[in-house]
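Chemist: Starting off with a structure, shown below.
All of the numbers you see were taken from the coordinates with simple rules; none came from a lab. These numbers were taken from a predicted model, which means no experiment stands behind them. Cβ placement follows ideal geometry from the backbone for every residue including glycine, while neighbour counts extend to all protein chains displayed.
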Amino acid sequence: MNSIDSFSSKSLFYADSHFPYGLRRSGEFTRHQSDLLEQHGNAYEALHNGSRQPETEEEIAFIAVCNGLKEATTDHEKAWSKFCQVTNKKKSYITAFGGIMPKSGPEDIGPEVTTDLDVE
């Protein structure tokens, strides 16, 4: 097989759960990266999670990048690495009192914090 057959996918990849307005509108990726992710993202994801076996040398190298065995060098590897980095960020929010609160909610802050609901 040649490199044209690498990362073939029958459908477009949207990642709506992370990017409800689309990969291009997220501001996280270049236009070229978002095109690669849309066209090949399903193949990238399947190779990454092991549900698809690599068919070319390029795909074997891609899996090595996913497993942290080598640095991303090709456009495909760089696009997927950036996607994984962006989607695996832990989100936090700054509260009105200047503290940083985890996304899960105020119950993670600690027992010393009280709210109006706790006072009877």
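Chemist: Please name which of ALA46, ILE63, GLY27 has its Cα lying farthest along the dipole of the stretch 3-87 towards the positive end, using unit charges on Cβ (Lys, Arg +1; Asp, Glu -1) and the Cα centre as origin.
Modeler: It is GLY27.
Chemist: Along Cα→Cβ, 7 Å out, is where each label goes; now give me the distance between the ones at TYR21 and GLN85 in nm to one decimal.
Modeler: Going by the 7 Å Cα→Cβ label model, 2.2 nm.
Chemist: So what are the ³J(HN,Hα) numbers for the stretch 18-31, from phi and the Karplus equation (6.51, -1.76, 1.60; θ = phi - 60°), rounded to whole Hz, Gly and Pro as x?
Modeler: Karplus values, whole Hz, x for Gly and Pro: 9, 10, x, 9, x, 5, 5, 7, 6, x, 8, 10, 6, 4.
Chemist: To make sure I understand, if each residue's beta carbon is the centre and we count other beta carbons within 10 Å, what order do ASP75, ASP16 fall in, fewest to most? Mind dumping the intermediate values first?
Modeler: Values: ASP75 13, ASP16 10.
Taking fewest neighbouring Cβ atoms as first place, the list is ASP16, ASP75.
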